[in-house]
């Protein structure tokens, strides 16, 4: 990749693979990835709760790794792969993780839920049988104001390899 | 007060340290963007308003962990979670791996970088103190070449380092030591929050030792001890004597009290590590 | 126990039905406010006061008007609407005029093509302030010589006194007395979705469409129309998916008027979404009260008389439509005796203005403070008499034979399982075993404490933060295909009403719960109703769903009887069909019935009107039904660092008949989590200048996965007289939890003489108490037995 230079007011094309689809978006350097996903690409399943990286509701996968989309500028993901909640949802019905959240009542208002599902995806890829402590550690950066977390923990355990 | 959208800025993405340094030299009011996990929140609040960001994430040379005969070299772009999980770091510097795991939360650790944390130099963060405790050396590049700064001299005050204008941190050299055992403990209101107070304690083979505190003053506080007492009461007296002399940030009584408590807890980790 | 249905056992009511809402929420397809977008929408940034109390010397916004992308800039000179509170004689200009009264008060509104552009313009606005001495503390505001927050009004904006006959005598004659002051710091609800609204003139109907994240669609429309001076048929309010509300979204705010008026002026959509700092600054706040309490009791621990001077900080303006300080204090005062037989009560209430954000509703409202006082009093009596806190509760608790019970404040409690809930929770937590282990723990330097909170929750009240609509309405329509569309005036924000209301209606109509869709949140489709708040939706909304469902059921039965040529009393309606009892083959599906009702109207019985659509309102016969339960928390206190960890938690809960136990448990979990936050973490801090110093989520601490233990719940069922036997339960868990947690801290630190009297309890306080204990220790009954922090 060669040096890239973009002036402050200029817009530049950003090419990224979003949920398996090649997208080109014209952005100002200061546009946050969360805003671009939501308002340029219409992927409103990614939510915004604090824009300082604390609440976790904007969490997405960047090249398969959990990141806060409110702490990334869209220009930074040029050439990278982004996965949002829309990208882990099957064409019909729910994924096993989503179904487990429903079965265990791991959501109420649903605002933090897409980020919770993505965090579960990432955790279960590396820890197929997480302990309760593993789950509570992995989710410590995802704030939920409704559930008290217990049914979320149950939902993750409910879709571990052992439970399946 | 909130203004949760950043100001406009020009964006540079150099692909080498040399061109990053050139940007830094030519662009007024430029800042280096590494993981961005502290810088971007500050920009979203408009507390930081750089005119130009130099995104170094494309410089692959800064992303390596290299194990040498006498040291481990960590590139500035190594992520906290990599430090936490890396087998070589876990083997040689378990205390560093442990401390890195206490930074923020998983998504933050995935993105936050060693270099970013060290240059940001928040007095409550783990990695600057870890580097001081481990007697690491910072490799810093400028247009005139590179220089090396011992960690203890790198952190000079409240969010301030010995970096000169136009310089950037490229790597950290952590010396291998077969004789010292380290322990780490910190106190934060919630796990993942910035530590209120933390401590690294080292016991060397010759019964000497050291404590490095963070979160007590404006920078990591390293205190060598010619003898690290094995007797609990003597050790407690030693911690208290050292803590009493710290120039604490605020709430002196509480911070000094916790400095003592955490030094002792870090020491207990040393004992556990030796048994383990 | 479940409610008895005349003809068939309910299939869905009481079952753990999975939620209808979940699929759209889990897949990211749900549409919250900021997910709505119309071409040409302008976004708003507000410039807010950075001073707590000041005259506005000048507001220069000319430069902002010239910034790229800016379409309009408003100051107080451009918009003359005030949020009027006629009963207090205080009106809040929607953009501050002449004077600012709290940090975060809107001063300038900027309308631009994007939020980025609006914020850039906001940066250029220059406001000059001439500071006034800010009024920041209740006790200070109570002094006559303190500067008035509103020059034309005294700072004491509400005062009430009450005393039972014979109080002074009962109090004076008692053997023992103690006094304590309880302090609750400021908090706010912090739903994960921030507040916001969007207004868009509708070209098709020439009305204004207002999209808002809110709990009461009709209440919001009434307030907006009142302030705009437009008739209600000219405004359609649409509440999209709501990402948490907890009371703060039951309130009306200045920004909503600004957005609606700008949309009307500019003839284009205008949207404002609060950022998180704006939420912490300018969502309504809660708590911030002081209780000076005196208690009289006998040697057995029987509480004879209770006196409280309740003081509430209202903030700078009475919040519309629910002034939080009055709501918190006046109901707390009346509920202060809780589940205990305390015959005498005396209270004085003072609510005062301050230069802080207005106080409104947060889940539980009066309850967490009242529980804190009520349980704190019981624990203090126990400690003063060297008795176990359980023993003192047993002596004072209402027993089954006491119901209906008239409290010292005149409330009449319907039957509940007060004493049973305590015994159930004690068994769940193994209280006796805990006490044995506690002694061993303490000898090892481990400080583990247990705290009990027995609560009573008045639910489904005629008036609450959801307004003073004492009824709820439901329309239920069976479509020609036999599926069902219902609509209610509720405003859910995660409580699962689409599921629970469908469960009730499905059972009435004998159809599958998946064949019932429940609409809400749109004033065009929903019948006029009160919305969600005050733990009213399950009881009053559920009653409306049952009433409407029953009316439609009756029509279906009559139609089926006619078509099957049978007596109506012999028709059974279940599994999607009506059949003659004992003759299963003689049946018609609901689809066949519905088709007949709509399209084969010649076959209808004489006098029956075509169609299958009913609307019904339901108002409970009792003005309040009281839920109850017991929470017990176990905490570990690290006396070296002051860190407090909640390690175990049990709940015995009685909300009458359960519609969906899983949803009830979810509500309990969430309320306990918020209660742990209230007790240990959450605090809005103003500095001495009146600056809010907790304007981000790194300063305002919310509970995370590490702060909340697993909670063990046991359900008790004492049905109410309401239709279905339901009682409300949305707030009880937050009402009970903070008191349980702080009581556990007091119990853990009993060896240090600590009795917690302010929330939240922080590590530095713990260390201070322990330090102080090393300096002095006192020991007697009627003097101070413990530290009042």
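The values are calculated or read from the model by the stated rules, or taken from the named source; none is laboratory data. The structure presented is a predicted model; accordingly, all values stated were derived computationally and were not measured. Glycine gets a Cβ as well: all are built from the backbone with ideal geometry, and neighbour counts include every protein chain shown.
Going by the structure shown, is residue B:273 in contact (Cβ under 8 Å) with a residue 12 or more places away in the chain and not in a helix (DSSP H, G or I)? Against the criterion (in contact (Cβ under 8 Å) with a residue 12 or more places away in the chain and not in a helix (DSSP H, G or I)), residue B:273 does not qualify. Would you mind finding the one in B:195, B:263, B:259 that is under 28 Å from residue B:137 (Cβ atoms), within 14 Å of chain C (Cβ to nearest Cβ), assigned to a loop (DSSP other than H, G, I, E, B) and in contact with a helix residue (DSSP H, G or I) (Cβ under 8 Å, 6 or more places away or on another chain)? Matching residue, one of B:195, B:263, B:259: B:195. Taken over region C:444-490, the residue count meeting the criterion of being touching a residue at least 60 places away in the same chain (Cβ under 8 Å), surrounded by fewer than 19 Cβ atoms within 10 Å (Cβ to Cβ) and under 30 Å from residue C:382 (Cα atoms) is 2. Filtered by the rule that a residue be touching a residue at least 60 places away in the same chain (Cβ under 8 Å), surrounded by fewer than 19 Cβ atoms within 10 Å (Cβ to Cβ) and touching a strand residue (DSSP E or B) at 6+ places or on another chain (Cβ under 6 Å), region C:60-70 gives a lone residue, C:60. Within the set C:641, C:694, C:688, C:625, the sole residue that is within 28 Å of residue C:502 (Cβ to Cβ) and either in contact with a strand residue (DSSP E or B) (Cβ under 9 Å, 6 or more places away or on another chain) or at pLDDT 95 or above (or both) turns out to be C:625.
The residue that is surrounded by the fewest Cβ atoms within 10 Å (Cβ to Cβ), counting only those in region C:491-512 that are away from every other protein chain (no Cβ under 14 Å) and under 18 Å from residue C:525 (Cβ atoms), is C:502. Take the conditions assigned to a loop (DSSP other than H, G, I, E, B) and farther than 30 Å from residue A:91 by Cα and apply them to residue C:39. Does it pass? No, not satisfied. In region B:176-190, of all residues being more than 14 Å from chain C (Cβ to nearest Cβ) and more than 16 Å from the chain's Cα centre (by Cα), the one that is farthest from residue B:203 (Cα to Cα) corresponds to B:176.
Looking only at region C:73-91, residues that are touching a strand residue (DSSP E or B) at 6+ places or on another chain (Cβ under 6 Å) and surrounded by fewer than 23 Cβ atoms within 10 Å (Cβ to Cβ) come to 7 in all. With a requirement of 3 or more residues that are within 17 Å of the chain's Cα centre (by Cα) and buried (at least 18 other Cβ atoms within 10 Å of the Cβ), the strands (runs of 3 or more DSSP E) lying completely within region A:56-164 that satisfy it span A:59-62, A:65-68. Looking only at residues of region C:752-764 that are out of contact with any strand residue (DSSP E or B) (no Cβ under 8 Å at 6 or more places or on another chain) and part of a helix (DSSP H, G or I), we find that the one that is surrounded by the fewest Cβ atoms within 10 Å (Cβ to Cβ) is C:764.
Does residue C:84 satisfy the condition of being in contact with a helix residue (DSSP H, G or I) (Cβ under 9 Å, 6 or more places away or on another chain), not in a strand (DSSP E or B) and not assigned by TED's automatic domain parsing to the domain that holds residue C:518? Taking the combined requirement at face value, the residue does not satisfy it. Quick check: is even one residue across region B:236-243 under 23 Å from residue B:126 (Cβ atoms), touching a strand residue (DSSP E or B) at 6+ places or on another chain (Cβ under 6 Å) and more than 14 Å from chain C (Cβ to nearest Cβ)? Scanning region B:236-243, I find at least one residue that is under 23 Å from residue B:126 (Cβ atoms), touching a strand residue (DSSP E or B) at 6+ places or on another chain (Cβ under 6 Å) and more than 14 Å from chain C (Cβ to nearest Cβ), so the answer is yes.
Results for (1) touching a strand residue (DSSP E or B) at 6+ places or on another chain (Cβ under 7 Å); (2) in a loop (DSSP other than H, G, I, E, B); (3) assigned by TED's automatic domain parsing to the domain that holds residue C:458; (4) under 26 Å from residue C:625 (Cβ atoms), shown as yes or no for each residue.
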residue: C:328; (1), (2), (3), (4): yes, no, yes, yes
residue: C:331; (1), (2), (3), (4): no, no, yes, yes
residue: C:351; (1), (2), (3), (4): yes, no, yes, no
residue: C:380; (1), (2), (3), (4): yes, no, yes, no
residue: C:386; (1), (2), (3), (4): no, yes, yes, no
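Which of the residues belonging to region C:154-195 are away from every other protein chain (no Cβ under 14 Å), part of a loop (DSSP other than H, G, I, E, B) and more than 20 Å from residue C:327 (Cα to Cα)? Residues satisfying the conditions are C:164, C:165, C:166, C:174, C:175.
Within region B:59-74, the set of residues being farther than 14 Å from residue B:32 by Cα and not in a strand (DSSP E or B) comprises B:60, B:61, B:63, B:64, B:68, B:69, B:70.
Taken residue by residue, region C:738-751 has no member that is surrounded by fewer than 24 Cβ atoms within 10 Å (Cβ to Cβ), farther than 30 Å from residue C:417 by Cβ and out of contact with any strand residue (DSSP E or B) (no Cβ under 8 Å at 6 or more places or on another chain). Using the structure shown, decide if residue C:313 is farther than 16 Å from residue C:180 by Cα, within 18 Å of the chain's Cα centre (by Cα), crowded, with 24+ Cβ neighbours inside 10 Å and at pLDDT 95 or above. The answer is no for residue C:313.
Of the residues that sit in region C:694-726 and are in a loop (DSSP other than H, G, I, E, B) and more than 14 Å from chain A (Cβ to nearest Cβ), which one is surrounded by the fewest Cβ atoms within 10 Å (Cβ to Cβ)?
Step one: of region C:694-726, the residues in a loop (DSSP other than H, G, I, E, B) are C:694-710, C:717-722.
Going one step further and asking which of them are more than 14 Å from chain A (Cβ to nearest Cβ), we end up with C:717-722.
On the way: C:717: 17, C:718: 24, C:719: 20, C:720: 27, C:721: 13, C:722: 26.
That would be C:721.
Of everything in region B:1-58 that is assigned to a loop (DSSP other than H, G, I, E, B) and free of Cβ contacts under 8 Å to residues at least 12 places away in the same chain, the residue that is nearest to the other protein chains (Cβ to nearest Cβ) is B:8.
Determine, yes or no, whether residue A:60 is in contact with a helix residue (DSSP H, G or I) (Cβ under 7 Å, 6 or more places away or on another chain) and more than 14 Å from chain C (Cβ to nearest Cβ). No, not satisfied. Considering only residues in region A:2-43 that are at positive phi and either in a helix (DSSP H, G or I) or in contact (Cβ under 8 Å) with a residue 60 or more places away in the chain (or both), the one that is farthest from the other protein chains (Cβ to nearest Cβ) turns out to be A:20. Residue A:123 passes every criterion in (1) at the interface with chain C (Cβ under 8 Å from one of its Cβ atoms); (2) in contact with a helix residue (DSSP H, G or I) (Cβ under 6 Å, 6 or more places away or on another chain) apart from (1). Checked against (1) without any contact (Cβ under 8 Å) to a residue 24 or more places away in the chain; (2) surrounded by 14 or more Cβ atoms within 10 Å (Cβ to Cβ), residue C:188 passes all but condition (1).
Considering region C:628-669, and only residues there that are under 20 Å from the mean Cα position of the chain (by Cα) and part of a strand (DSSP E or B), the residue that is surrounded by the most Cβ atoms within 10 Å (Cβ to Cβ) turns out to be C:631.
Among the candidates C:237, C:259, single out the residue that is outside any strand (DSSP E or B) and either outside the structural domain of residue C:354 (by TED's automatic domain parsing) or surrounded by fewer than 22 Cβ atoms within 10 Å (Cβ to Cβ) (or both).
C:259
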